[in-house]
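J.: Have a look at this one before I ask anything.
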Amino acid sequence: MKQSVPVAIFTLGFMLIACSEKNIAKPPTEGLMGLTTTSSNANVNMDQLVDNAVTDLAGRVEIATNAITVTQARTVQWRSSSVGCPVEGINYTQAIVPGVLLLLEADGKTYRYHARDGGAPFYCPDEQAEAPAYGAGEEFM
């Protein structure tokens with residue numbers, strides 16, 4: 001009976017760690033206007049992600065949504081939980097994270113939007129952006 005207590009404690013600890021991985025640090029999402037999406041990488045609702053990003057960019061640069069062109073919209077594999085947009089001073093889980101990279105153009109300037117699988121797209125400034133994992137979008141850097 002005494003041996004089952006350590007096993008139970010170990011199992012409980014393992015379950016808590018596994019559950020807490022859903023609380024991975026997320027990149028900043030200011031300016032998203034509360035938009036959220038759900039998806040799986042195999043079946044991303046790309047139209048909804050694009051609409052959310054276009055709406056955010058229109059508000060961010062104060063132009064009409066029809067003045068924004070989508071130049072790229074594709075699924076990628078991010079290198080960490082930063083989703084390709086790390087914030088200095090924050091530690092991120094180093095793991096492949098399925099997601100989306102969107103490139104929008106307005107007034108001759110390209111804007112990057114990143115999203116994790118099931119997450120809302122967020123603006124990522126060029127100076128902060130990292131390339132997706134090898135073979136999945138490195139040409140955008």
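J.: Just a yes or no: is a residue in segment 97-116 in a loop (DSSP other than H, G, I, E, B) and farther than 27 Å from Glu62 by Cβ?
T.: First pass over segment 97-116, keeping only residues in a loop (DSSP other than H, G, I, E, B): 107-108.
Subsequent filtering for residues that are farther than 27 Å from Glu62 by Cβ retains none.
No, the conditions are met nowhere in segment 97-116.
J.: Of all residues in segment 44-65, which are surrounded by 18 or more Cβ atoms within 10 Å (Cβ to Cβ), assigned to a helix (DSSP H, G or I) and either among the hydrophobic types (A, V, I, L, M, F, W, C) or at pLDDT below 95 (or both)?
T.: Leu49, Val50, Ala53, Val54, Leu57
J.: Looking at (1) under 14 Å from Asp47 (Cα atoms); (2) surrounded by 19 or more Cβ atoms within 10 Å (Cβ to Cβ); (3) not charged (D, E, K, R), can you tell me which one Ser82 breaks?
T.: (1)
J.: Residues in segment 85-109 that are touching a strand residue (DSSP E or B) at 6+ places or on another chain (Cβ under 7 Å) and open to solvent by 60 Å² or more (accessible area, probe 1.4 Å): how many?
T.: 2
J.: How many residues are of a type in the set (S, T, N, Q) and at pLDDT below 95 if we restrict to segment 106-135?
T.: Pass one, segment 106-135, residues of a type in the set (S, T, N, Q): 110, 128.
Narrowing further to those that are at pLDDT below 95: none.
Of the residues in that region, 0 qualify.
J.: What do you reckon, is Thr75 surrounded by 16 or more Cβ atoms within 10 Å (Cβ to Cβ) and modelled with pLDDT under 95? Write out each step before concluding.
T.: Numbers: surrounded by 16 or more Cβ atoms within 10 Å (Cβ to Cβ): yes; modelled with pLDDT under 95: yes.
The answer is yes for Thr75.
J.: Would a scan of segment 19-38 turn up a residue that is open to solvent by 90 Å² or more (accessible area, probe 1.4 Å) and modelled with pLDDT of 55 or more?
T.: For segment 19-38, residues open to solvent by 90 Å² or more (accessible area, probe 1.4 Å) and modelled with pLDDT of 55 or more: absent.
The values are calculated or read from the model by the stated rules, or taken from the named source; none is laboratory data. Note that this is a predicted model, so its numbers are computed, not measured. Positions of Cβ are generated from backbone atoms using ideal geometry, with glycine treated the same way; all protein chains shown enter the neighbour counts. Side chains are part of the model used for accessible areas, which takes the heavy atoms of the whole protein and leaves out ligands, DNA and RNA. Shrake-Rupley method; radii C 1.70, N 1.55, O 1.52, S 1.80 Å.
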